[in-house]
Amino acid sequence: MNYISIKNNQTILLSDIPESNYEWFYDKNIDLVSGHPERHCVNYFGYKSGNNIKLICCIADDSTHEILISTCLVNKAHDLESFTNKLLCFEKFEREIHENFGINYIDHPWLKPVRYANNRFDKSQVIANYPFYSIDSEELHEVGVGPIHAGIIEPGHFRFICNGEQILHLEIQLGYQHRGIEQLFIKKKKLLQRATLAESIAGDTAVGHSVTFAHVWESLCNFQTSRDIEFSRTLALELERIAIHVGDLSGVCTDVAYQLGSSVFGRLRTPIINFLQEWGGNRLTKGLIRPGRNQFPFTSALAERLKQVLDIFEPEFNEMVEKLFSLPSALSRFERTGVVSNADALSIGAVGMAARMTNLNRDIRSSHPFSFYPDLNHQPILKRHGDVYSRVQIRREEVEQSISYIRKLISKIEPFIVQEEILKTPKPNSFCLSLVEGWRGEICHCALTDKNGELMFYKIKDPSFHNWLALALSVRNNEISDFPICNKSFNLSYSGHDL
Amino acid sequence: MIDNIKIVYHQGKQFIPNPTTVEVPGVFRGRPLISREKVNETELLDLCPTDAITDNPISIDLGKCTFCGECARYFPEKISFTKDYKLSSNERNRLIIKEGEVNPIEVNPDTVRKEIHRVFGKSLKLRQISAGGDNSCEWELGASNNVQFDMSRYGIDFVASPRHADGIVITGPITKNMAEAVQICYDATPDPKIIVLVGTDAISGGIFAESTAIDRSFLEKYPVDLYIPGNPAHPLSIINGLLDLTRKH
């Protein structure tokens, strides 16, 4: 058996990962994923090892709650066969490996740049010269949007090929947000600097990425967190989910020109994020989660306050959501708009809401549970149609589910344990992988340490890395005027993708 | 119809009557105070993730500060964060808070460009550019115009095109990959125009200041009219900053 099976947040020695030749590595990983919807690739990356490139592939198995890690050493002068030719879900991972190291895949459909990373292999490739797909036809026209969009959102370029008002094809080009975060993780040596970086990966998922980084770091340092630390993290993750889902419902209403829903959901986000500020001093939860400590212990006074907030929030949210879901003019814009089939979601390796909307059960809270999720016995919310309506329904039901989890959690607060911060140096020559279900979906961080226990390589994967392709597929054969609502109903991260 | 009226009725009055005087709830890390207490300065300086704290005298540069509060946690007798959300100035140096300083941070009316009050005093339309922003300042800029903060009551709005704008608002440290787009957007905005930087990342690069993936040369070419610190900037910081800049005192 040339792979090692680990649990979420487990640290192993790098030498424990069995190394195989590329032929075996290729066959085995394809074999693991192909025809197995319960398995998918959570991370696949390369790093420099002498003059060669070491590839590490991480396949999560949701039924056994294990992650299967395999590795392979390749010489970049040699052309490789691409996984993508067999399984589309590896498409972006291989493009990234090609962009960073110049490894050539002979049968990859199109090795386009992913984000024009600062550490890319070929610096002559610049973002202004992105090779868009185009169709030569007198009937078709192209529409280019971005990188700067009409609203207050992050930059990215969308290139549509349209037949009249109908979209035939959409290509999404990203990379504008690239800040070199993975390199900074190595360069910045202080733990607080790294924690600050983690919460800046995607500022709307500050809790999600901070918890993932904290789990990686604590596992590398063999630090056992007390119950109250994980209690706060679970609570923060669910509050972040409510805040953003409600904000997204507002955005969706804006995009179908439903003013009342837009205003009411927009303002309903405020009591939740204002509570987060009352708890940790920042509306977007920056500074709330730190490795190895409970930065802002959750007190019974805070629990009482949160209960008050939810008691007011819940009926107001329900009233608005019931109205929205009974409005024919809104539903007619949601239903059968922006459909992604289950087969497509599976083939591209969609995660989080983008998977669950097509009845593809991917939710780390139940498949690789962490923090308090084993106690909560989380049941993922699944929809079948894969359209805007499914995505809106998931948000509504997840908000209701998160409220019930929070009520359950705060009925019995974990007492604050004053724990000596004994974060030792990370274990040398090690590998750690951590998975967390943020509000968008699965977040995966991998860390590698060198012989002195220094961070040698840090790999971040935001769920958007998988899901941008789902958005591109969803708009095919839709009217271009429905693009905004499709985009908003996914609400993917630009900065989390570009890093 | 009756449902709609019920919903509106149940919302009650949501708007904040006066965003220039309202108090923020709970804990908030706003303008810091630095006492003259003697502490181990090396340790204090070493704590800061972005080197925002400097010595002789001990001071905090809010243009670099991530408002993480670590310094106040370990040196509570030296540093405390007040709930004052008025953090903006038109002068970069005014963002540096020194030991013993208790005065509020203000826009200096003497150094504000003459045309700003006259042209933008009653109406200001802005084009926002996210240039490596992590979507936290973007959320807060959006929140500035929700029904609670309601910035448009002052005639301040965000518009879709730079052609309709009186200035640009930049968030994020300005990545190399966005540098050209920032320049094009600025060039497309008609004169007279202002530049506003929102958030620590935009003002100094923040935690990304040393990254080789950013390119801040745009900011060397043009004068910045307003700095709004925060990580992210609070909607009240944003509204008060823009009002201080454009309204007569």
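The values are calculated or read from the model by the stated rules, or taken from the named source; none is laboratory data. Treat the numbers as computed from the prediction; the structure is a model and nothing was measured. FYI the Cβ positions are ideal-geometry reconstructions off the backbone, even for glycines, and counts take in every protein chain you see.
From the list A:473, A:423, which residue is assigned by TED's automatic domain parsing to the domain that holds residue A:222 and either within 30 Å of residue A:227 (Cα to Cα) or at pLDDT 95 or above (or both)?
Checking each option against the conditions leaves just A:423.
Yes/no per residue for (1) modelled with pLDDT of 95 or more; (2) within 14 Å of chain B (Cβ to nearest Cβ); (3) assigned to a helix (DSSP H, G or I):
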{"residue": "A:91", "(1), (2), (3)": "no, no, yes"}
{"residue": "A:103", "(1), (2), (3)": "no, no, no"}
{"residue": "A:111", "(1), (2), (3)": "no, no, no"}
{"residue": "A:119", "(1), (2), (3)": "no, yes, no"}
{"residue": "A:135", "(1), (2), (3)": "no, no, no"}
{"residue": "A:143", "(1), (2), (3)": "no, no, no"}
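State which residue is surrounded by the fewest Cβ atoms within 10 Å (Cβ to Cβ) when the search covers only segment A:280-310 and only residues that are within 11 Å of another protein chain (Cβ to nearest Cβ), among the hydrophobic types (A, V, I, L, M, F, W, C) and under 25 Å from residue A:190 (Cβ atoms).
Filtering segment A:280-310 for residues that are within 11 Å of another protein chain (Cβ to nearest Cβ), among the hydrophobic types (A, V, I, L, M, F, W, C) and under 25 Å from residue A:190 (Cβ atoms), the one surrounded by the fewest Cβ atoms within 10 Å (Cβ to Cβ) comes out as A:296.
Kindly indicate whether any position in segment A:79-89 is touching a strand residue (DSSP E or B) at 6+ places or on another chain (Cβ under 8 Å) and among the hydroxyl-bearing types (Ser, Thr, Tyr).
For segment A:79-89, residues touching a strand residue (DSSP E or B) at 6+ places or on another chain (Cβ under 8 Å) and among the hydroxyl-bearing types (Ser, Thr, Tyr): present.
Condition check: within 20 Å of residue A:200 (Cβ to Cβ) and buried (at least 20 other Cβ atoms within 10 Å of the Cβ). Does residue A:489 satisfy that? Break it down stepwise before answering.
Details: within 20 Å of residue A:200 (Cβ to Cβ): no; buried (at least 20 other Cβ atoms within 10 Å of the Cβ): yes.
For residue A:489, the condition - within 20 Å of residue A:200 (Cβ to Cβ) and buried (at least 20 other Cβ atoms within 10 Å of the Cβ) - is not met.
Would you pick out the residues in segment A:442-491 that are out of contact with any Lys or Arg (no Cβ under 7 Å at 6 or more places or on another chain) and part of a loop (DSSP other than H, G, I, E, B)?
Listed by number, the residues that qualify are A:450, A:451, A:452, A:454, A:462, A:475, A:476, A:477, A:478, A:491.
Please tell me if residue B:108 is free of Cβ contacts under 8 Å to residues at least 40 places away in the same chain and exposed (fewer than 14 other Cβ atoms within 10 Å of the Cβ). Spell out how you get there, then give the answer.
Details: free of Cβ contacts under 8 Å to residues at least 40 places away in the same chain: yes; exposed (fewer than 14 other Cβ atoms within 10 Å of the Cβ): yes.
Answer is yes for this residue.
Before we move on, is residue A:396 surrounded by fewer than 18 Cβ atoms within 10 Å (Cβ to Cβ), among the basic types (Lys, Arg), farther than 25 Å from residue A:83 by Cβ and outside the structural domain of residue A:89 (by TED's automatic domain parsing)?
Considered against the rule, which asks whether it is surrounded by fewer than 18 Cβ atoms within 10 Å (Cβ to Cβ), among the basic types (Lys, Arg), farther than 25 Å from residue A:83 by Cβ and outside the structural domain of residue A:89 (by TED's automatic domain parsing), residue A:396 comes out as no.
Please find, within segment A:25-51, the residue that is surrounded by the most Cβ atoms within 10 Å (Cβ to Cβ) out of those that are without any contact (Cβ under 8 Å) to a residue 40 or more places away in the chain and not in a strand (DSSP E or B).
A:32
Quickly run through segment A:426-458 and pick out the residues that are among the charged types (D, E, K, R) and over 18 Å from residue A:7 (Cα atoms).
Matches in segment A:426-458: A:440, A:450, A:451, A:454.
Between A:170, A:220, A:197, which is within 9 Å of chain B (Cβ to nearest Cβ) and more than 14 Å from residue A:436 (Cα to Cα)? It would help to see each step written out before you state the result.
Working: A:170 fails: within 9 Å of chain B (Cβ to nearest Cβ); A:220 fails: within 9 Å of chain B (Cβ to nearest Cβ).
Unique residue meeting the criteria: A:197.
Which members of segment B:194-245 meet the condition of being over 17 Å from residue B:94 (Cβ atoms) and hydroxyl-bearing (Ser, Thr, Tyr)?
Within segment B:194-245, B:211, B:212, B:217, B:222 qualify.
Give just the number: which of (1) among the hydrophobic types (A, V, I, L, M, F, W, C); (2) outside any loop (DSSP other than H, G, I, E, B); (3) within 23 Å of residue A:192 (Cβ to Cβ) does residue A:298 not satisfy?
Unmet condition: (2).
Specify which of the listed residues (A:6, A:67) is surrounded by 21 or more Cβ atoms within 10 Å (Cβ to Cβ), over 27 Å from residue A:102 (Cα atoms) and within 26 Å of the chain's Cα centre (by Cα). So that I can check it myself, show each step before the final result.
Values: A:6 fails: surrounded by 21 or more Cβ atoms within 10 Å (Cβ to Cβ).
The conditions single out A:67.
Inside segment A:159-188, can you point out the residues that are over 10 Å from residue A:498 (Cα atoms) and among the basic types (Lys, Arg)?
Correct list: A:159, A:187, A:188.
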